[in-house]
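Each value in this text was obtained by applying a stated rule to the coordinates, not by laboratory testing. Here the structure is a predicted model, which is why all the values come from computation and not from measurement. Cβ sites come from the backbone with ideal geometry, for glycine too, and all protein chains shown count toward neighbours.
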Amino acid sequence: MSRVSIAWPPTRWRLKDQSPIALGTVQAGGGPARLTKTGVGRRPGGTFREPLLYLSLYLKQHRQQYYDLLTRVRTEGDWETWVGFFADGVTESATGAVTTAQRLTTLARDDRTRIERDTGRLAGTMLRLHQSLLEHPIQSATQLAARTSVSMPAVNKGLAALEKMGTVQEITGRRRRRIFSYSRYLHILSEGTEPL
């Protein structure tokens, strides 16, 4: 189990009156605020290569409250309320991230099961393409061939079968240099990112 800790009191914290969407509006010791933990895939100093949580949506959805609390910190020194608001954002973002991860895992497992059960001899090729699309959900047939070490004719047959199953969707409408999308996977990832 991972823990998130907030050091108190906030020494050397400063506020920058910028867009409420930029997480870097609160800085500690001159660097942007980050959630860190120890473990595999981390950089020296304990930060991950990729953000663990995206708080931008929470801050966007609660923009006015965010501005009001930043003003209160600047004018009244009310850090406690702001930290509580930020902690609520972390909780909501973490809960959403767990739910999204579970849905993506279920989708991948269900699609893998359908491929194994319903496709016969093409299953091996399709499973390799599927795995590559999990890592890069938008790819050209050429990219898929390179990443999977599968021949172009086999990639094209596998993509046609995946498209027929509804797993992938060709998004250019062209006959050459086609690009494919793992559309249901991307749909789950993009939920909640629509403009408010």
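Brief remarks on what is shown
- Share of Cα-Cα pairs in segment 89-146 lying beyond 13 Å, as whole percent: 67
- The label point for A94 and the one for T193, both projected 7 Å from the Cα toward the Cβ, are 2.3 nm apart.
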